[in-house]
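Participant: Sharing a structure with you now.
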Amino acid sequence: MNIRLLNPNDAVAYRDLRLIALKNHPAAFASSYEEEKDRPAEVYGERFQSGDSFTFGAFENEALIGSVTLFKESKLKLKHRANIFAMYVSPEKRKMGIGKHLMASALKKARELNEIEQIYLTVEATNEPAKKLYQSFGFETFGRDPKALKIEDVYFDEEHMVLYL
């Protein structure tokens with residue numbers, strides 16, 4: 001397994017993995033499959049060149065099997081903050097430490113960006129494996145958002161977590 005920053009050449013593989021994640025695990029993401037299915041891969045490729053967004057990919061035999069994005073806040077009063085978004089590992093590759101390696105890479109990058117003091121993320125409240133992973137890095141829950149997501153007629157709560165560097 002290899003973890004590295006994604007670049008525009010990875011845009012199609014990332015888009016494919018993201019659509020699988022959105023389709024198969026809708027409660028894990030605020031974005032929906034319906035909203036992103038027609039988005040061209042180039043949109044992601046452009047993001048991979050941004051100075052405020054860093055998407056790491058986990059590869060096995062050249063296949064993208066997981067990803068996570070670290071996004072720096074850009075407003076002057078929020079520059080000390082960053083967010084973790086779009087954490088995903090293919091179901092058949094879970095419980096192998098890939099999520100831990102992805103998160104470690106994102107946090108290492110955050111520490112290299114000297115201005116980052118705290119990192120935020122949101123997790124679906126019943127996703128215990130994800131919460132345990134984040135807690136293992138020191139993230140703490142600071143709030144719960146009841147009925148944060150609504151998929152058809154089913155609501156999902158989210159927990160907000162923070163890590164102070």
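Participant: Would you mind finding the one in A11, A27 that is in a helix (DSSP H, G or I), surrounded by 15 or more Cβ atoms within 10 Å (Cβ to Cβ) and at pLDDT below 95?
Facilitator: When all the criteria are applied, what remains is A27.
Participant: Among the residues of segment 79-111, how many are assigned to a helix (DSSP H, G or I) and either modelled with pLDDT under 95 or of a type in the set (K, R) (or both)?
Facilitator: 7
Participant: Given the residues F137, F142, which is the only one that is over 18 Å from the mean Cα position of the chain (by Cα) and in contact (Cβ under 8 Å) with a residue 12 or more places away in the chain?
Facilitator: F142
Here's the yes/no breakdown for (1) closer than 18 Å to N24 by Cα; (2) exposed (fewer than 12 other Cβ atoms within 10 Å of the Cβ); (3) touching an Asp or Glu at 6+ places or on another chain (Cβ under 9 Å):
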| site | (1), (2), (3) |
| --- | --- |
| K77 | no, yes, no |
| A82 | no, no, yes |
| M87 | yes, no, no |
| T141 | no, no, yes |
| P146 | no, yes, yes |
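Participant: Answer yes if at least one residue in segment 62-70 is part of a strand (DSSP E or B), surrounded by 13 or more Cβ atoms within 10 Å (Cβ to Cβ), touching a His at 6+ places or on another chain (Cβ under 9 Å) and not acidic (D, E), and no otherwise.
Facilitator: Scanning segment 62-70 turns up at least one residue that is part of a strand (DSSP E or B), surrounded by 13 or more Cβ atoms within 10 Å (Cβ to Cβ), touching a His at 6+ places or on another chain (Cβ under 9 Å) and not acidic (D, E).
Participant: Any residue in segment 1-21 that's within 15 Å of M103 (Cα to Cα): show its pairings with residues that are of a type in the set (A, V, I, L, M, F, W, C) and in a helix (DSSP H, G or I) at Cβ separation under 7 Å, as long as the two are six or more apart or on different chains.
Facilitator: M1/I98; I3/L102
Participant: For segment 49-59, what are the residues that are modelled with pLDDT of 95 or more and either more than 12 Å from the chain's Cα centre (by Cα) or part of a loop (DSSP other than H, G, I, E, B) (or both)?
Facilitator: Within segment 49-59, A58, F59 qualify.
Participant: I would also like to ask the following. Hey, among the residues in segment 112-139 that are small (G, A, S) and assigned to a helix (DSSP H, G or I), which one's surrounded by the most Cβ atoms within 10 Å (Cβ to Cβ)?
Facilitator: A130
Participant: Being out of contact with any strand residue (DSSP E or B) (no Cβ under 6 Å at 6 or more places or on another chain) and surrounded by 13 or more Cβ atoms within 10 Å (Cβ to Cβ) is the filter here; which residues of segment 90-107 pass it?
Facilitator: Residues satisfying the conditions are R94, M96, G97, K100, M103, A104, L107.
Participant: Let me ask something else. Which one is surrounded by the fewest Cβ atoms within 10 Å (Cβ to Cβ) among residues in segment 33-55 that are closer than 16 Å to M87 by Cα and in contact (Cβ under 8 Å) with a residue 40 or more places away in the chain?
Facilitator: Ranking the qualifying residues of segment 33-55, first place goes to F48.
The values are calculated or read from the model by the stated rules, or taken from the named source; none is laboratory data. Worth saying up front: this structure is predicted, and the values here are computed from it rather than measured. Counting neighbours? That spans all protein chains shown, and the Cβs are built from the backbone with ideal geometry, glycine included.
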